[in-house]
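Comments concern the structure below.
The values are calculated or read from the model by the stated rules, or taken from the named source; none is laboratory data. Computed from a predicted structure; not experimentally measured. Cβ atoms come from the backbone with ideal geometry, glycine included; neighbour counts cover every protein chain shown. Note: areas computed on protein heavy atoms with side chains; ligands, DNA, RNA excluded. Shrake-Rupley method; radii C 1.70, N 1.55, O 1.52, S 1.80 Å.
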Amino acid sequence: MTVDSATQLTTWTDSALERAVLDTVALDVPWPVVEQFASLVRLSGSPEERRAVDILTGHLDAWGIPYHLHEPECLISIPLAASVRDDAPPGASYRAKTSAMSVSTDGHEITGELVYVPGGGGTNAGDVISASVDLGDVDVAGKIVVTEGMPFPGKVAAVGAAGALAGIFVNPGEAIHES
């Protein structure tokens with residue numbers, strides 16, 4: 001597709017056709033689907049994910065809309081549990097979320113000296129995902145790095161490449177982000 005044809009596609013208008021399509025849109029089918037999805041925890045590979053697929057394909061079947069359902073074998077990661085514990089005061093524990101594809105500890109705690117490294121981020125969405133963390137001259141080998149921001153791949157890779165035992169990525173608010 002050329003720039004000219006893309007421009008023609010994105011600038012095309014037909015008010016009468018647009019109105020005719022909008023007049024046929026109703027919420028009687030999509031809203032119940034939204035409500036059903038809101039009650040499902042659709043983790044990849046789970047029975048509830050399959051239920052969600054069945055809901056959508058059931059509608060397509062009923063409407064006679066042809067489709068092809070792809071079912072690839074995927075390598076996924078669904079971390080089960082994580083926490084950060086501090087011995088001062090003794091037994092203080094904080095909610096945490098493990099990043100997808102992190103190394104499993106098989107239930108064993110990782111302990112080590114904490115090293116704070118100020119977080120940095122990109123200025124746009126592309127930068128945020130690939131942004132690293134500037135460890136500077138800080139020796140983090142065998143230590144646990146504490147920094148701000150989401151555990152995006154660039155940051156996790158930098159912390160791991162520097163020999164850190166682990167990384168704790170602190171985010172604002174009470175909600176734990178799925179990233």
So for R0 = 22 Å, FRET eff. of Leu22-Leu60 from the Cβ-Cβ r, to 0.05, ends up at 0.50
Asp137, Asp54, reordered so the largest accessible area comes first (probe 1.4 Å):
Asp137, Asp54
Place a +1 charge on the Cβ of each Lys and Arg in the chain and a -1 charge on the Cβ of each Asp and Glu, then give the dipole magnitude about the Cα centre in debye, rounded to the nearest 20.
220 debye
Antiparallel DSSP beta bridges within the chain, as percent of all bridges there, nearest 5:
35 percent
Candidates Gly58, Gly149, Gly45; GNM for the chain (alpha-carbon contacts under 10 Å) flags as most fluctuating Gly58
Sort Met101, Met150 by heavy-atom solvent-accessible area, probe 1.4 angstrom, most to least.
Met101, Met150
